[in-house]
1. Apply the Karplus parameterisation 6.51 cos²θ - 1.76 cosθ + 1.60, with θ equal to phi minus 60°, to every residue of segment 290-295 and state each ³J(HN,Hα) to the nearest whole Hz, in sequence, with x for glycine and proline.
2. Of the accessible area of the chain, with the probe set at 1.4 angstrom, what percent is carbon plus sulfur?
3. By how many nm would the segment from Thr185 to Ala13 lengthen if fully extended, with 0.36 nm per residue of separation less the alpha-carbon distance?
4. Tabulate in residue order the Karplus-calculated ³J(HN,Hα) for segment 194-204, using 6.51 cos²θ - 1.76 cosθ + 1.60 with θ = phi - 60°, rounded to whole Hz; enter x for Gly and Pro.
5. Rounded to the nearest 5, what is the percent of antiparallel bridges among the DSSP beta bridges in the chain?
6. Using a Cα-Cα cut-off of under 20 Å, which aspartates and glutamates could be cross-linked to Lys173, ignoring same-chain neighbours fewer than 8 residues away?
7. What dipole magnitude, in Debye to the nearest 20, does the chain give about its Cα centre under +1 on Lys/Arg Cβ and -1 on Asp/Glu Cβ?
8. Take the alpha-carbon centre of segment 188-235, take the same for segment 4-48, and report the distance between them in whole Å.
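The values are calculated or read from the model by the stated rules, or taken from the named source; none is laboratory data. Everything numeric in this text was worked out from a predicted model, so none of it was measured. Here Cβ is always computed from backbone atoms with ideal geometry, including for glycine, and neighbour counts include all displayed protein chains. Heads up: the accessible areas ignore ligands, DNA and RNA and are worked out on the full protein's heavy atoms, side chains in. Shrake-Rupley method; radii C 1.70, N 1.55, O 1.52, S 1.80 Å.
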Amino acid sequence: MSAARIDGKAFAAGLRERVAAGVRAFEPATGRKPGLAVVLVGDDPASQVYVRAKGKATLEAGMASFEHRLPDSTRQAELIDLVQSLDADETVDGILVQLPLPGRIDEAAVIAAIDPAKDVDGFTTENAGRLAVGGAAMVPCTPLGCLMLLKDRLGDLTGLEAVVIGRSNIVGKPMAQLLLRENCTVTIAHSRTRDLPAVTRRADIVVAAVGRPEMVKGDWLKPGATVIDVGINRLPKADGGTRLVGDVDYVSASEVAGAITPVPGGVGPMTIAVLLRNTLVAAHRRAGLPPPERL
Ligand code: GUN
């Protein structure tokens, strides 16, 4: 069996077009563009690439982009002051503080300073709590993007067995909450799980978000399972370059799975598209307008 390839790049392009249409309707209704502020501390090369891509995509969607690049030496109190000034800025609908922050800064304290209404990453305790107990949460971008791909592929997820591998606050935990909300039977597996292949083999849906290159093998999967690979790992190549691989061994998995996301071109492009979507939703809520129905 050869699995269908889930084209996250194409889905993300469609979502970005729908967001851009929403932006075009927002401006005449409110007299302003939705605005996203992105804060980067230090010079981590991967974070710089992500932040540049986010700024570019924000402008392409027709939104206002505010970039704040601070030196590695920035003190926690200065960073929190900046976040609080963005909280108070009427032209800013979304605030994203790029993680990881330099080790001496307490990430939780910085995230706690973000106004939950502008928390387009969905990282505040308020939004994590709303996702858990119900209510209008801002949902973290990567897991929401994974859910969109799953629903596009499978339709109603009710009753399906889902195994989420990884228990991070950014992906694993919110992913499990989203799947539970869709009436899946959800297992969160992690590095201490006993007999992970046997657990994964039960799943109709596997979401791998562990950061271990090509860990999930084809013989860990139930035939026909839908596999969402959140991993982005760089492996050295014989010629001295690197190649990008996910947390799933694509070659063996695609012989068993029913459908699978590739790396690159699967979940990756969804994260930024959902960030734009969350910013548009936040802008509507702040302006007292209903968000566009189909996003
Ligand atoms: N670092 C890696 N992924 C993310 C993300 O989704 N949001 C933020 N703020 N930082 C990240």
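1. Working through the residues one at a time gives x, x, x, 5, 9, 10 Hz.
2. 52 percent
3. Full extension from Thr185 to Ala13 adds 58.9 nm.
4. Working through the residues one at a time gives 7, 6, 4, x, 5, 5, 5, 5, 6, 8, 7 Hz.
5. Counting only bridges with both partners in the chain, antiparallel ones make up about 10 percent.
6. Glu107, Asp119, Asp121, Glu126, Glu161, Glu182, Asp204, Asp229, Asp247
7. Value, rounded to 20: 480 debye.
8. Distance between centres, Cα-based: 29 Å.
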